[in-house]
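Working notes, beginning with the structure itself.
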Amino acid sequence: MEWVKLERYAEISGDTVDAVQARRKAGKWLNGRECKLVDGRLWINIPAVSQWIEEWK
């Protein structure tokens, strides 16, 4: 599965909901790439986040 809900992402990654929201607000994670709102729920793209981590400086 490529996309998981934010709560599940936080559970499996150890990342926090606040950290995810801060990355979105700062423009580090883009809607439609690393994350996406669907029916008012935030979904996280696991492969895109993995790529972001690999490329992060």
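Every read-out reported here was derived from the displayed coordinates using simple, explicitly stated rules and does not represent laboratory data. Keep in mind the model is a prediction, meaning the values are calculated, not measured. Cβ atoms come from the backbone with ideal geometry, glycine included; neighbour counts cover every protein chain shown.
Here are the numbers:
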item: Subset of the range 1-35 (residues that are surrounded by 15 or more Cβ atoms within 10 Å (Cβ to Cβ) and either of a type in the set (A, V, I, L, M, F, W, C) or within 9 Å of the chain's Cα centre (by Cα) (or both)); result: Trp3, Val4, Leu6, Tyr9, Ala10, Val20, Arg23, Arg24, Trp29, Glu34, Cys35
item: Total residues in the range 19-57, condition within 13 Å of Leu6 (Cα to Cα), of a type in the set (A, V, I, L, M) and either touching a residue at least 12 places away in the same chain (Cβ under 8 Å) or assigned to a strand (DSSP E or B) (or both); result: 7
item: In the range 36-56, the residues that are crowded, with 16+ Cβ neighbours inside 10 Å and either hydroxyl-bearing (Ser, Thr, Tyr) or in contact with a helix residue (DSSP H, G or I) (Cβ under 6 Å, 6 or more places away or on another chain) (or both); result: Leu42, Ile44
item: Criterion: of a type in the set (Lys, Arg) and either at positive phi or in contact with a strand residue (DSSP E or B) (Cβ under 6 Å, 6 or more places away or on another chain) (or both) - qualifying residue of Lys28, Lys36, Lys57; result: Lys36
